[in-house]
Structure formats: C-alpha cells, structure tokens
C-alpha cells in the first residue's frame, strides 16, 4: 500500500508509462516527432496531446515546435527531470517485486 | 497546445482505462515499448550487411571471372563493370531508403552524427575517384587501375566500418571493418584477379556471415 503510493502518479498510468518508456528509448540529445511518436504508441493525436500536456506540466517532457520548410513540426523529448523520474519509477517497481522476483520477472521472455 | 477539441472526453475515457498496473505488468509494458521503439527507429543491421554482402559477392565475383584467365565463363570486362556498378548503386539506394525510413521523425544529436557519417562515405569515395583519376593520367595500365579501385574501395569501406564501430561502440562493425581493410591489403598483394575473388568471398561473403550471425543472435534473444 505505502509502496504503491511512492510510485509517481504522473507516470503511473498505462498510456503515460508507455509514452515515457518510448521516449526513454531515444539516445540522449534526440527528439521524436509527434506523428512518429503517435505511430509508435498507436495513440490518437488528441489522446497523445492530452498525456503530453500532463507530462509537460510536470516538467518531464519538452515539446519543441519548429518548421520544416513551411510545414510545422512538433518534436518531443524527455527532460532530465523526466528521465530521472522514469529511472526512479522503474527502480521502485523493481523494489516492489522484491529481491526474489528481481532475477526473472523483468527479463525478456525466453 | 495541439488544438485538441475533445480533450475532456479523452481524459474521462483514458482515466477509466488507466487503472494502476501491477509492478510486473508495468515492467513488461516498459520493456515492450522500449523494444518496439528500438526496433523501429534503428536501421536493421541484418538487412544492410545482407544487402552489401550480396552486392559485393555478385559485383566483385563478376570481375573475378572476367579477369581470371582460366575462367570457365566468358564474361567481357564491360559486362563485369556494369554488373558491379549496378550492384553497388542498388545497394546504396536501398540503404539510403531504409535508413531514411527508420530515422524519420528522429531529430537531434544522432541525426547529426548520421549525417556527418553519410557525408564521410560520399567524400571518401569522391576523393578515391580523384586519386585514381590522377594516377590514370600518369599512363598506368588498366590492370593497375582495376587493382587501385578494388583495394582502394575495400580500404575505405574497412576504415569507415572501423570508425562506425568506434562511434557507436559496435564491436561487430569494428571487427568487420578491420577484416575488410586487412583482406583488401592482402588482396592487393596477391594482385589481379585474386583481389576480386578476395573482395567477393572474404568481403561480401564475410558480410553475409555477419548478417546471418546477427539474425541468429536476434532470434535467440527473442527480439
């Protein structure tokens, strides 16, 4: 009970968790376009915007708007605070699973 | 921010779906999503090594059979030249298309790295062509020109793979580059027609072996 409440509520929702996990897979110093991110998450644009706004308000993502020629482009990246929050979140999950579960559970399926 | 019209409805719908997950499920979800992004934005090494392996195997192989005096096939030099050119240009076009599709939408440091690295290949081969055209004007024979092209491009490929391995900390790429540079040197010492056989089998064949090894390793790791 107490352990679950330690989980960051901004990240602890399936859609935002997937969003943050997707951005965490980028190399440091990289941004991903809104449309590509949408495809990688199978989310509707409206849904993605909603969750992005929540993460942006928490200071976890940075949304950059630019122009490629005349076409406006939006790019998204995890901030340092966002990466830190994500690392803490996964560390808390591993701790919740306990030392016994730590060996097998988070690993990839055989 | 993004001009959403129905954000309120989305919020409600989303909240219902967003019941907290169990720890193990959350970790599995993170893992799956990270894999998916990695698989879709990183170029597929199996495909690229496979592509270049086939191109070199066919192109350099044609040159070998055209220049080997005991060759069982009667391939004119011009045909071999066109075969090599078509193989290499096709591999280059397919590589560019594949990488462009994979990295679409990714902006930042890695796209700058990729751009510099792409230009390194272009400028490397342009400079090689200039060097060889300079040597050609001194009146050396066709065999020497062929040898220079083969060994020179093998060396450029080898060096750039080694540099790529250093930049992306990719041991396989580095080893393949070292192999390429060394067999090109050895092939040049062996001379015509052996250098073409070396580039075809050791070079192109080596790439196919690496592509196969990566495919096996990927399958074993379930990715």
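The values are calculated or read from the model by the stated rules, or taken from the named source; none is laboratory data. Given the structure is predicted, the values throughout are model-derived calculations rather than measurements. Cβ placement follows ideal geometry from the backbone for every residue including glycine, while neighbour counts extend to all protein chains displayed.
Looking only at the range B:49-66, decide whether some residue is more than 14 Å from chain A (Cβ to nearest Cβ) and more than 22 Å from residue B:180 (Cα to Cα). Full working, then the answer.
Residues of the range B:49-66 more than 14 Å from chain A (Cβ to nearest Cβ): B:49-66.
Restricting the remaining residues to those that are more than 22 Å from residue B:180 (Cα to Cα) gives B:66.
The answer is yes, given that some residue of the range B:49-66 is more than 14 Å from chain A (Cβ to nearest Cβ) and more than 22 Å from residue B:180 (Cα to Cα).
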Hey, any hits in the range B:107-124 for a residue that's surrounded by 16 or more Cβ atoms within 10 Å (Cβ to Cβ), more than 30 Å from residue A:25 (Cα to Cα) and either more than 22 Å from the chain's Cα centre (by Cα) or in contact (Cβ under 8 Å) with a residue 12 or more places away in the chain (or both)? yes
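Scan the helices (runs of 4 or more DSSP H) fully inside the range A:1-95 and keep the ones with 2 or more residues being in contact (Cβ under 8 Å) with a residue 24 or more places away in the chain and exposed (fewer than 13 other Cβ atoms within 10 Å of the Cβ). Talk me through it step by step, then tell me what you get.
Numbers: elements: A:2-5, A:14-24, A:34-41, A:45-57.
So the answer is A:2-5.
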Does at least one position in the range B:82-101 carry a residue that is under 18 Å from the mean Cα position of the chain (by Cα), free of Cβ contacts under 8 Å to residues at least 60 places away in the same chain, within 14 Å of chain A (Cβ to nearest Cβ) and more than 19 Å from residue B:163 (Cα to Cα)? yes
Output yes when any residue across the range A:33-53 is over 18 Å from residue B:35 (Cα atoms), more than 10 Å from chain B (Cβ to nearest Cβ) and under 14 Å from the mean Cα position of the chain (by Cα), and no when none is. no
One residue is enough: does the range B:4-24 have a residue meeting the conditions at pLDDT 50 or above, touching a helix residue (DSSP H, G or I) at 6+ places or on another chain (Cβ under 7 Å), part of a helix (DSSP H, G or I) and facing chain A (nearest Cβ under 8 Å)? yes
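I'd like to check something: does the range B:134-154 contain any residue that is under 22 Å from residue B:43 (Cα atoms) and without any contact (Cβ under 8 Å) to a residue 40 or more places away in the chain?
Step one: of the range B:134-154, the residues under 22 Å from residue B:43 (Cα atoms) are none.
No, that holds for no residue.
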Does residue B:39 qualify as being at the interface with chain A (Cβ under 10 Å from one of its Cβ atoms), part of a helix (DSSP H, G or I) and modelled with pLDDT of 90 or more? yes
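Anything in the range B:206-219 that is buried (at least 16 other Cβ atoms within 10 Å of the Cβ) and within 14 Å of the chain's Cα centre (by Cα)? List them, or say none. Lay out the reasoning, then the answer.
At the first step, the residues of the range B:206-219 found to be buried (at least 16 other Cβ atoms within 10 Å of the Cβ) are B:206-208, B:210-211, B:214-215.
Across the range B:206-219, the qualifying residues are B:206, B:207, B:208, B:210, B:211, B:214.
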